[in-house]
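Here is the structure we will look at.
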Amino acid sequence: MSKVIVVGAGTNGVTSAIELKKRGHQVTLVDPGPLPHPLAASTDISKAVRAAYGPDEDYTALAERCIELWRKWNSEFGVELYHETGVLFVCQHPMRPGDFEYESCRVLEKQGHRLERFDSFTFHERFPAFAPARFQDGFFDPDAGYVESGRVVATLVEHAKSIGVELRERAKFVALNENDDRVHGVVLDNRHRINGDAVVIAAGAWTPYVLPFTKKFLQATGHPVFHLKPDKPELFLPERFPFFGADISTTGYYGFPLNQGVVKIANHGPGREMSPDSAERVVTAEDENALREFLRSTIPALAEAAIVYTRVCMYCDTNDGDFWIAADPQRSNLVISTGDCGHGFKFAPVLGEITADAVEGKANPFLQKFRWRPEIKSGEAKEAARFAPN
Ligand SMILES: Cc1cc2nc3c(=O)[nH]c(=O)nc-3n(C[C@H](O)[C@H](O)[C@H](O)COP(=O)(O)OP(=O)(O)OC[C@H]3O[C@@H](n4cnc5c(N)ncnc54)[C@H](O)[C@@H]3O)c2cc1C
């Protein structure tokens, strides 16, 4: 077995470290910390777990498998990290072929999901926080929900340590230690070197900055996140206000039920390109005005609610919205595991396995989808729920 260095202890890195350790490799996990890192995309109060992926049956199948595994993790770790409160996707117009909602419905019904459908009347009765008559169509999928992502990473880091992963906190990767076409290890910011037989870079949105050659196909984008304190919290309990996407592929807006006393609303849109360490990484007045406008038209009960926390969370974008988990053709013992495009956390239960297969050069059906593909140009494709204005 070999010695593997994993750079980055967000969800991609820590799950890869655990899986590689379980397969008998000696594993060192490097992160500046503290963990979960406060600026990491994985560190948040909630991330959605949905099987709805428009026409993309690969992601739906992978998400279905993950939902089973999230249920298993709840019992294995003895804590409810995954809350199966269902997900709701609604639209102002009747669903049409080609729409995210229509295609998701078609695929999920084919998969046997117990979907609930709505018209504007039944919808408002069931979910009274939304503006009456705002939505004409939509569906609720009960076999889905959200996870407490920061707690998941904290739990996985402890688990990694308990099975013998060597954790190097307060250590920052600055360069590959390489010559010719082989990587021999990593160089850290304190000039220490760690030697290894293989390196996994799972540095999320920092990846194009720590490995500049990846800027050709990876881009870091910032996305506004808001936590609001509702005046009527009872309206936002999960049974009346589950995770929702409101015409998500044409507005970007989505949100979560009341959690830790707040309602989180964010936007799955184009975002702003920036370095994760940039001073620009703050929510702007423009972001807030757009949010208020959305709330006034869609969730009036939240329109004037106090914003108690904001954050710009970072995506590591690829040109087609699919993940990037692949060995570098120039350096076969370097694997990059990133490219979340704002929808990767739900796949935590399988990301380690897919990345470990890439390290070991093993066949995995998803490694084709997440392969090394610099030929794909921006705008050629996108993840079905993503709002990407022309
Ligand atoms: C606003 C927003 C909403 C999202 N919502 C959802 C959702 O609802 N559902 C879903 O499935 N997914 C969602 N995602 C996507 C999800 O957050 C990501 O898929 C996931 O968190 C990516 O994990 P990661 O490990 O790649 O990156 P990160 O979690 O960012 O971790 C990267 C790690 O690398 C470390 N690092 C950086 N530089 C170095 C260095 N030089 N040396 C060592 N370590 C380094 C950092 O400290 C950090 O710990 C969302 C993302 C955002 C931004």
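Just the protein heavy atoms count here, and of the accessible area of the chain at 1.4 Å, carbon and sulfur take up 51 percent. Dimensions of the chain based on its C-alpha atoms, expressed as ranges along the principal axes with the largest first, amount to 65, 45, 43 Å. Summing charges over all other residues whose Cβ lies under 14 Å from the Cβ of P300, with Lys and Arg as +1 and Asp and Glu as -1, gives +1.
With a 10 Å cut-off between alpha carbons and a GNM built on the chain, which of G269, G54, G261 moves the most? In the Gaussian network model the winner is G261. Extension gain for E166 to F77 (0.36 nm times residue separation, less C-alpha to C-alpha distance): 30.0 nm. Rolling a 1.4 Å probe over the heavy atoms of the protein chains gives the chain an accessible area of 40 Å² per residue. Among the listed pairs K21/K264; K264/K362; K161/K362; K3/K264; K264/K382, which are separated by more than 30 Å between their Cα atoms? The answer is K21/K264; K264/K362; K3/K264. Largest GNM mean-square fluctuation among G352, G245, G78, using the chain with Cα springs under 10 Å: G78. Peptides 21-33, 37-49, 292-304 ranked from most to least packed give 37-49, 21-33, 292-304, packing being the mean of other C-beta atoms within 10 angstrom over each peptide's residues.
Which FRET efficiency value, to the nearest 0.05, do you get for M1 and T310 by plugging their Cβ-Cβ distance into 1/(1 + (r/R0)^6) with R0 = 51 Å? Once rounded, the FRET efficiency stands at 0.70.
Each Cα pair under 8 Å and six or more residues apart adds its sequence gap; the mean of these over the residue count of the chain is a relative contact order of 22 percent. Work from the charge dipole of the chain (Cβ charges, +1 for Lys and Arg, -1 for Asp and Glu, about the Cα centre) and give the residue of A9, H268, F173 farthest towards its positive end. Most positive-ward Cα: F173. The length gained by stretching the chain between E375 and R191 to full extension, at 0.36 nm per residue less their Cα-Cα distance, is 62.8 nm. Across segment 122-127, coupling constants 3J(HN,Hα) worked out from phi with the 6.51/-1.76/1.60 Karplus curve, θ = phi - 60°, read 4, 5, 5, 4, 7, 10 Hz, and Gly and Pro carry x.
The values are calculated or read from the model by the stated rules, or taken from the named source; none is laboratory data. What you are looking at is a predicted structure, and each value in this text was computed from that prediction instead of being measured. Positions of Cβ are backbone-derived with ideal geometry, glycine not excepted, and every protein chain shown enters the neighbour counts. Quick note on the areas: whole protein, heavy atoms, side chains included, nothing else; ligands and nucleic acids left out. Shrake-Rupley method; radii C 1.70, N 1.55, O 1.52, S 1.80 Å.
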